[in-house]
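Note sheet for the following structure.
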Amino acid sequence: MNEMNAPSLKVSSQLTLLDVGMYILRLTAESTSEKKITGCLSLHPAPAGKGVIDFFPGEGVTRNTLAKASDVVIVRVKGGPASLLITEYQLDAAAHGRLRLQIEQVANKQGVVRKSLPTAAKAVETPSAPDAPTDAAGAISSALLSTLSKTASPAKSQAVQSLKLLGHISTRGDVVVEDAWLGAPDSKLRIEGFAIAWAKQPEEVSIAYLCRTSKTSDPSIGLDGQFVGSRQQAKPLTSIAFVLSGSKADDYELSGQVVFAGQAPQTIIPDQELSGPTGTEPLVAIYLSVNSKAAQVSPPASPWDTSNAAVFRT
């Protein structure tokens with residue numbers, strides 16, 4: 001009798017073919033407001049196709065399994081089209097709603113190509129954009145960066161979406177700032193990890209970011225408040241990249257600057273992973289700003305103007 005009353009586990013799988021490029025994969029639920037995500041989706045490469053799939057799971061994701069709405073996996077496809085095996089584990093799809101895998105292809109210089117893939121249903125895709133480059137050194141940053149503005153502005157306006165930056169800084173510990181520099185441009189204290197969160201997140205917009213601790217290390221990738229990097233491990237960050245994603249990402253513009261020890265500030269630019277001249281200089285400061293394109297009426301000022309000196313406080 002207990003066995004008859006026990007919830008049944010339903011397992012289903014499907015394949016989707018991915019072209020060469022970089023993709024952001026996350027879990028949503030095709031359900032009403034009272035239903036909850038109770039299952040999970042597991043991602044694995046399939047033998048079909050000539051390409052190779054690399055997985056870069058976000059914080060809290062293990063074995064490439066998406067179990068909650070905040071879970072994210074970055075997927076890189078190189079060498080040709082490749083097949084992704086998606087396995088859904090669900091207790092009761094009728095009671096809890098089908099799971100939906102949201103796939104966003106981050107395309108080089110052309111923004112984000114979005115499609116939403118419901119399990120056990122056909123994928124719906126928007127018109128395709130050019131594939132992102134997949135060379136080993138710059139692949140992840142080239143795919144993750146969309147069109148960004150030229151300089152950061154500490155001056156707040158109605159167009160600015162406030163960002164909170166938490167960083168773990170050597171000898172200082174965790175530091176939190178809002179609409180200000182994380183770290184200091186003239187400092188030698190390295191940032192070893194960080195998270196970026198919205199004070200009030202716009203609908204259908206997310207911010208994704210990555211960092212590395214060396215030229216050859218795999219990236220640490222986060223989304224909307226997830227921590228990347230490390231704490232108390234004496235591992236400096238040597239490169240960094242950012243991108244806006246989501247169905248309304250094109251309505252906003254991400255701008256800012258980063259500073260590596262002993263170097264001039266670098267403006268966040270499209271299609272480039274930022275690092276020092278040798279690739280070993282530690283990151284010491286980050287400034288980010290997100291502006292509504294509709295509300296922005298004039299170019300932002302440089303944070304290095306003397307009138308904006310207050311932004312250098314930590």
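The values are calculated or read from the model by the stated rules, or taken from the named source; none is laboratory data. Keep in mind that this is a model prediction, so the values were computed, not measured. So basically every Cβ, Gly included, is an ideal-geometry build from the backbone, and we count neighbours across all protein chains shown. Protein only, heavy atoms only, side chains kept; ligands, DNA and RNA dropped before computing areas. Shrake-Rupley method; radii C 1.70, N 1.55, O 1.52, S 1.80 Å.
Surface listing: 89, 252 arranged by accessible area from highest to lowest gives 89, 252, probe 1.4 Å. Per-residue SASA remark: residue 267, around 40 Å² accessible (1.4 Å probe; ligands, DNA and RNA not included).
If the segment from residue 218 to residue 174 were pulled out straight at 0.36 nm per residue, it would be longer than the present Cα-Cα gap by 13.5 nm. Sparse packing (at most 16 other Cβ atoms within 10 Å of the Cβ) combined with a DSSP loop state is found for the following trypsin sites (Lys or Arg not before Pro) in region 198-287: 200, 215, 231, 248. The solvent-accessible area of residue 15, taken with every protein chain present and a 1.4 Å probe, is close to 100 Å². With a ≥ b ≥ c taken as the square roots of the eigenvalues of the C-alpha gyration tensor of region 224-265, please select rounded if a/c is under 1.5 and otherwise prolate if a/b is larger than b/c or oblate if it is not? Here region 224-265 falls in the oblate category.
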